[in-house]
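Enquirer: Submitted below is the structure of interest, expressed as structure tokens.
Bear in mind these aren't lab numbers, they're just calculated from the coordinates by the rules spelled out. What you see is a predicted model, and the numbers here were worked out from it, not measured in a lab. No Cβ is skipped: glycine too gets one built from the backbone with ideal geometry, and neighbour counts run over all protein chains shown.
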There are 2 protein chains.
Amino acid sequence: MNVIENAEKECAVLGTLFQGIVNEMKNSSSLWEDLASKANKMHIQLKSTIITFSLFLDAFQRIADLATNTKGATREIGTALTRLILRHKSIEQKLKSFTSSLVETFIQPLNERIEEWKKSANTLDKDHAKGLKDYKKLRNELRKKATETVKLQKKCRKLPKHDILHNKLNSAIQEVSNYYGMLEEREKQALRSAMIEERSRFCTLFTLLKPVMYF
Amino acid sequence: MNVIENAEKECAVLGTLFQGIVNEMKNSSSLWEDLASKANKMHIQLKSTIITFSLFLDAFQRIADLATNTKGATREIGTALTRLILRHKSIEQKLKSFTSSLVETFIQPLNERIEEWKKSANTLDKDHAKGLKDYKKLRNELRKKATETVKLQKKCRKLPKHDILHNKLNSAIQEVSNYYGMLEEREKQALRSAMIEERSRFCTLFTLLKPVMYF
């Protein structure tokens, strides 16, 4: 009996950890959506900033033209100002590329991933729940089998030379332990999938951020 | 007569150039005001952008905290994300300093200068106009003096030994040429002031931009 209790406990620990991670993933949807939404607001603001920056540079260019064309011989100042503005125009261009890359390589893909993540967390949860349901159905039968095994063990101790009985016991022990081994393996596999899934979310965030940051 | 005509022409050229520069300065007020206004709009946009950037970083930090505190052992990813956010917080800080420096060292002083420049261009114009008025009053008298000098020259040619007559001629020539010399000097001075004033505007623009650009 002890072996089965231990196996059940082990599986329960794995199952609880799995459920915890899956719940975390499900509950964090709003945080990810908030990140995408805040990035989008920032992108909208950046676009307006670029427009005002561009208008500022245009006004600046009119001052440079004034210096270039004035009768007061400030042509070389006008040229220097124009050079300065051209350098700032390249900053404007960089800002534009950065802003559109923010949408194309970060916000849009992130939004797509968030939708995928909702589905994948649900799938993980459902698949695990289905396995658990099968297990609960089988549990009583298994416990009965385990009790029979204990009885068989007692009998075997009394009849140490009864080969058929011993073979029966061995196959019963094998059956029960096989099942729990399989169950534990399934729980471990589910937990591994959940952990990989969760970790991959943060790795995806890195991957999406990288091209934006390298601007 | 030829000498006076030349002197008058010379003064007229200087005066026209002066007036051109002063008019340019007066008419450019709207361009300078536009520059200050566009810089101000950019500053307002930058402030909004900083707010959205800050909100984005907060949302990002919540994701990093999620990674740090999750059961899925992504603590080291959480730490890396937090480090990344801290580095971006320093960009936010730089943007804040840049934005306030834009107001304090560029927009505000530029607005003050624009007001000063309106006054100084008017002062230059008025002072020059006053000088011109005095000159116009004197012009007829001067022309009479110049005609007398021409007559004196003819007399002197007939009476080459008449010392008193010669002295009179010399002092008359001296008087007329002194006056035109003075007039020319005044026009040159006015033109120099106008040119320095105009040039100093563009130099001021450089001086005000420099601390903003070095951010």
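Enquirer: Kindly give the distances from A:LEU31 to its copy-mates, label point to label point, with each label point 7 Å from Cα along Cα→Cβ, as nm values to one decimal ordered shortest first.
Expert: 5.5
Enquirer: If only Cα atoms are counted, what is the Rg of the range A:1-160, and what is its Dmax, in Å?
Expert: Just the Cα atoms of the range A:1-160 yield Rg and Dmax of 34.6, 123 Å.
Enquirer: What does the copy distance list look like for B:LYS118, label position 7 Å along Cα→Cβ, in nm and ordered from shortest?
Expert: Distances between equivalent label points, in nm: 5.7.
Enquirer: Sort A:MET195, B:MET42 so that the residue with the fewest other Cβ atoms within 10 Å of its own Cβ comes first and the one with the most comes last.
Expert: On the way: A:MET195 18, B:MET42 24.
Sorted ascending by nearby Cβ count, the order is A:MET195, B:MET42.
Enquirer: At A:THR16, with labels set 7 Å past Cα in the Cβ direction, how many nm apart are the copies from this one, shortest first?
Expert: So the label point of A:THR16 gives 9.9 nm to the other copies.
Enquirer: Could you tell me the extents of the protein assembly as shown's C-alpha atoms along the three principal axes, largest first, rounded to whole Å?
Expert: Reported extents, whole Å, longest axis first: 172, 27, 26.
Enquirer: Set the bar at 21 Å for Cα to Cα. Now go through A:LYS133/A:LYS168; B:LYS9/B:LYS144; B:LYS41/B:LYS89; A:LYS9/A:LYS155; A:LYS47/B:LYS210 and name every pair that lies beyond it. Show your work: numbers first, answer last.
Expert: Numbers: A:LYS133/A:LYS168 29 Å; B:LYS9/B:LYS144 18 Å; B:LYS41/B:LYS89 24 Å; A:LYS9/A:LYS155 28 Å; A:LYS47/B:LYS210 26 Å.
Checking Cα-Cα distances, A:LYS133/A:LYS168; B:LYS41/B:LYS89; A:LYS9/A:LYS155; A:LYS47/B:LYS210 exceed 21 Å.
Enquirer: Looking at the axis that maps chain A onto chain B, which chain A residue has the closest Cβ, and how far off is it in Å, rounded to a whole number?
Expert: A:THR49, 2
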